[in-house]
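Below is one structure; the comments refer to it alone.
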Amino acid sequence: MPSFVCRLGLGYTVNSLKNRWTDPIMNTALELREVTKLYGDFRAVDALSLVVPTGCVCGFLGPNGAGKTTTLRMILGIIEPSTGSISILGKPSAMHVRARVGYLPEEKGLYRKMKAVDLISYFATLKGLSRRHADERALNLLNRYGLGAFAQTKAEALSKGMSQKVQVLASIAHDPEFVILDEPFSGLDPVNQGVLEEIIMDLRARGRTVLLSTHVMQHAERLCDRLIILAGGRSVFDGTLAEARAEVPATVRLKSLDSLEGLRDLACIRGFKALAEGGWELELSAGTDPQVLLEACFVRRIQLSQFHATETTLHDVFVKKVGLGAREAVCR
Amino acid sequence: MRNALIIAWREFAENAKTRGFWFGILLFPLIWIVTAQIPRLLAAKGTPTRHFVIVDLTGRMIPVIESALQRDGQRREALAFREWAADNRRSGVSAQQISLESFDLQTTLNQIRPQLQTNAGTFTPPKVKFRRVAPPASIASLGDLSQLEVEVRAWLRGGLAYQPRGMDEEVSLFAVAIIVEETTTKTGPALRFWSENQADTDLRELMEEALSRDFRQREYVRLGLDQKVITGLETARTEVVNLSPRKAEGEERVGLVDLLRQWAPSGFVYLLWVAVFSIAQMLLNSVIEEKSNRIIEVLLSSVTSTELMAGKLIGIAAVGLVMIASWIGTLLVVMLWLVRFGGMTSQSEGALAQVPLELMTLLGDSWILPAFLLYFFLGYILYAGVILAIGSTCDTLKDAQNYMGVIVLLMMVPLVALTFIPRDPNGPVATFLSWIPFYTPFVMMNRVAAGPPLRDILGTLALLVVMDVLVIWGCGRIFRAAVLRTGQPASLVQIWRWLVKK
């Protein structure tokens, strides 16, 4: 068995981890090694190891209570891990590189009495920008993302969507190299979600690294170069979207008056399931093109009244990887 | 430090750049001025003329009461005229003493007219304070006290509106005074005063004094005593000279100015209390807002918790200093105005006129201002540290109120002590309280005027500094541990664990 397929059960291959930690060519923005966070007896994060390469948008997925926010707080240096080590932008703590890191927390809020431009400028000055530079940046960002008219509006008078956009802009006003966005899309309408996607695309285009925590799988599929799925404080998947899709077999639903016995000998079919509403669901082995099955039916003279190939989505992968654990967590 | 200062500036601007803040600052001295003027305004405008009825069963006391009422009215008129004359005299001219006892409006006005400004208006005498009205015939004719009082009670219970004989309109009856001959004791006639208003005692006291005086006069005559000798003795007073051993030889006499020096620290203690109390609330609001809005998380990804704490403490302290400086500044401006335009100079009449000058001198060349600033700073650190810790453990102001209740109770003690410490500044209670760090700033500020032992000054100061350091250290630990916490407010046990956790 080739070493690259020798999986650790946590979604890693021995070689891939080894390469990521040791390959000097690989530019790593973030690295966690065996990080654990204990609250009393409760393990919020359990021996978590992950690597985020520079310049990518990395999706950080997981059900509620998976340990995402705790991990993000540890990455930011807001809380200390119980054991393990963290390296961010080559430093052992985000506090050493805080001017190069931006953060949008899951629960969002602003100083109600501050104007939008002052808010963005304030957070930028805390990240090291001079007052004048911060003011300029704040105005530029507000103009660029459609909030120029509201620059002098107090936060209490902004709509929820506007407030959230102001917060996003505040997190990137100092032009950070590494941006952590925790549930940035929650509460935004589709138009503003589009604006936020645009912001993230811009960051990637300029070579910034983005760690994007989200529950919306479509966003992760559209935006992320890499995906990390957390469940129960542990990583259950770490890889690309294609690798994620390969985790869950594609299925084909078909209906025919003829017998499907002729297909039993096909190696690419992993299983047959009779459907209650009539017809069959065939589970294909990873990487199989459904066209192969269609061709086999044609060759074996099986007349089809329906043939529907379903593509594996990230949602399927997520449910498969964390579904049971998430249910258990909810029940607890 | 840079980040702490950025946070401090935001905290300062958030509070000091609002109209409400400056309105509150101006309102404070305004409230004091209005409060000081209310009794005068009430006396002049607010209190209505008190209409009353006398039923004199002795048949000879009404002239005595009338005479006393006339004297009282004359005195009040003289006092009002004095104020009017002071407001309307020409600058630099000393107002003539206006006698309160033998005041005649026209004569006095003619006497001081040369000193008045040419555009001085007309003096309006104050309205009559007490007016006797005739009783109803049904009561006036009764000669038996018990029957009379039954009627009076029924009459008063029926309502106070009454149209006396000889008057065109109804009046509100204030009291019915029954004067009866007292035969069993040697106290003269007895006054039975029926009134629903038991708070305003002026009329009752005036009548009591008039009747007592008349009785004494008649007794002197009856006993054959020389009236002139008695009057002379009654008005004789022991001369009291108030001296202070602290003052230079030849200047030992204590005047109003010295009393001012003695009591000024109490005023500053009050200022200190109001300032610490006000800004502590601001600090609590600030922490709770950041916690409930979750801004705290963004802040802590940008600055350390120590920088955040320091920034908040510095920013809110600056707000407090601006607040105090504004109050003292307002006081000085008013004083300067009085000295410059009010005609008050060191040569002007009465020690009262020297209060503004003396207050300014006191602030300029005494220890009061530096001590005030020192105790403000140390006291603020102490309370602010605790409040910061409380804020960090609670998500809402409602949660924080439970803990704040204790703090407010703690802070009430120095306010209560303000009433007795100036009278006994080196007594056991004051000494004891000054060694409790939470009270040291307030109590020592009050005591220093009385020259407490040096060991008390230095010892309490050292203890206060040590306590400040401990509070900042402990509250910093609690702040760091609690500030990201959400949900139920932390229990005391949990807070203790954060404090002692290694």
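Here, each number is a calculation from the coordinates, and none is a lab measurement. Remember, predicted model here, so these are calculated numbers, not experimental data. With ideal geometry, Cβ positions are generated from the backbone for all residues, glycine too; neighbour counts draw on all protein chains shown.
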How much net charge surrounds B:Gln163 when only the other residues with a Cβ under 11 Å from the Cβ of B:Gln163 are counted, with Lys and Arg +1 and Asp and Glu -1?
-2
Under a 5 Å amide H to amide H cut-off, with H placed in plane at 1.01 Å, what residues pair with A:Ser82 once short-range neighbours are removed?
A:Thr36, A:Lys37, A:Leu38
Candidate lysines - alpha carbon under 21 Å from B:Lys129, same-chain residues fewer than 8 apart omitted
B:Lys45
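Take the Cβ-Cβ distance between B:Leu26 and B:Leu260 as r, set R0 to 25 Å, and report the resulting FRET efficiency rounded to the nearest 0.05. Could you put the intermediate results ahead of the total?
Numbers: r = 25 Å, r/R0 = 0.98.
In this case the efficiency is close to 0.50.
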Along Cα→Cβ, 7 Å out, is where each label goes; now give me the distance between the ones at B:Gln217 and A:Phe298 in nm to one decimal.
13.7 nm
If you line up the long axis of helix B:368-393 against the longest principal axis of chain B, both from Cα atoms, how many degrees apart are they, to the nearest 10?
60 degrees
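As a test of understanding, state the convex hull volume per residue of the stretch B:49-231 from its alpha carbons, in Å³.
Taking the convex hull of the Cα positions in the stretch B:49-231, it is 162 Å³ per residue.
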With charges only on Cβ, +1 for K and R and -1 for D and E, what is the dipole size of the protein assembly as shown about its Cα centre, in debye, rounded to 20?
1280 debye
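Just rank A:Asp289, A:Asp182, fewest to most, by other beta-carbon atoms within 10 angstrom.
Values: A:Asp289 12, A:Asp182 22.
By the 10 Å Cβ count, ascending, the order reads A:Asp289, A:Asp182.
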Cα→Cβ-extended label distance, 7 Å offset, between A:Leu38 and B:Ala248, nm
7.6 nm
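Per residue, how big is the convex hull around the C-alpha atoms of the stretch A:3-245? Give it to me in cubic angstrom, could you? Write out the running numbers ahead of the final one.
Details: hull volume 30.7 nm³, N = 243.
It is 126 Å³ per residue.
From largest to smallest, what semi-axes in whole angstrom does the protein assembly as shown give when each is the square root of 5 times an eigenvalue of its alpha carbon gyration tensor? Don't jump to the answer; show the numbers that get you there.
Values: eigenvalues 1498, 223, 129 Å².
Result for the protein assembly as shown: semi-axes of 87, 33, 25 Å.
Counting DSSP beta bridges with both partners in the protein assembly as shown, what percentage is antiparallel, nearest 5?
On the way: 45 of 72 bridges.
Of those bridges, close to 60 percent are antiparallel.
Given a Förster distance of 45 angstrom, what is the FRET efficiency for B:Thr58 paired with B:Arg113, based on the Cβ-Cβ distance and rounded to 0.05?
Working: r = 45 Å, r/R0 = 1.01.
After rounding to 0.05, the efficiency reads 0.50.
List the relative contact order of the stretch B:49-231 as a percent without decimals, with contacts defined as Cα pairs under 8 Å and 6+ residues apart.
Numbers: 199 pairs, mean separation 54.6, N = 183.
Reported as a whole number, the value is 30 percent.
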One quarter of the C-alpha convex hull surface, i.e. the mean projected area of the stretch A:99-162 in nm², amounts to 4.4 nm²
For a footprinting-style exposure proxy, rank B:Phe23, B:Phe442, B:Phe377, A:Phe185 by other Cβ within 10 Å, fewest first.
B:Phe23, B:Phe377, A:Phe185, B:Phe442
Electrostatic dipole magnitude of chain A [Cβ: Lys, Arg +1; Asp, Glu -1; Cα centre; debye, to 20]
900 debye
Where does each of A:Lys115, A:Lys255, B:Lys501 land when they are ranked from fewest to most other beta-carbon atoms within 10 angstrom?
B:Lys501, A:Lys255, A:Lys115
Report Rg (one decimal) and Dmax (nearest whole number) for the stretch A:228-332, counting Cα atoms only, units Å.
16.6, 53
Among A:Pro190, A:Phe318, A:Phe237, pick out the residue whose Cα is farthest towards the positive end of the charge dipole of chain A, where Lys and Arg carry +1 and Asp and Glu carry -1 on C-beta, about the Cα centre.
A:Pro190
A:Lys113: which lysines have alpha carbons under 24 Å from its alpha carbon, excluding same-chain residues fewer than 8 sequence positions away?
A:Lys127, A:Lys154, A:Lys160, A:Lys165, B:Lys17, B:Lys291, B:Lys312, B:Lys398
A convex hull over the alpha carbons of chain B yields, per residue, a volume in Å³ of 266 Å³
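Which value, in debye to the nearest 20, gives the size of the charge dipole of the stretch B:220-341 about its Cα centre, when Lys and Arg are +1 and Asp and Glu are -1 at the Cβ? Numbers along the way, then the final one.
On the way: 11 positive and 11 negative charges, 50 e Å.
Charge dipole of the stretch B:220-341: 240 debye, to the nearest 20.
What does the charge add up to near A:Glu156, with Lys and Arg as +1, Asp and Glu as -1, over the other residues with Cβ less than 11 Å from its Cβ?
Working: positive: A:Arg112, A:Lys113, A:Lys115, A:Lys154; negative: none.
Cβ neighbours under 11 Å give a net charge of +4.
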Before rounding to the nearest 500, sum -39500 (n - 2.57) across all DSSP H runs of length at least 4 in chain B and divide by the residue total; then give [θ] at 222 nm in deg cm²/dmol.
-21000 deg cm²/dmol
Please compute the modelled spin-label separation between A:Asn140 and A:Asn64, points set 7 Å along Cα→Cβ, answer in nm with one decimal.
4.1 nm
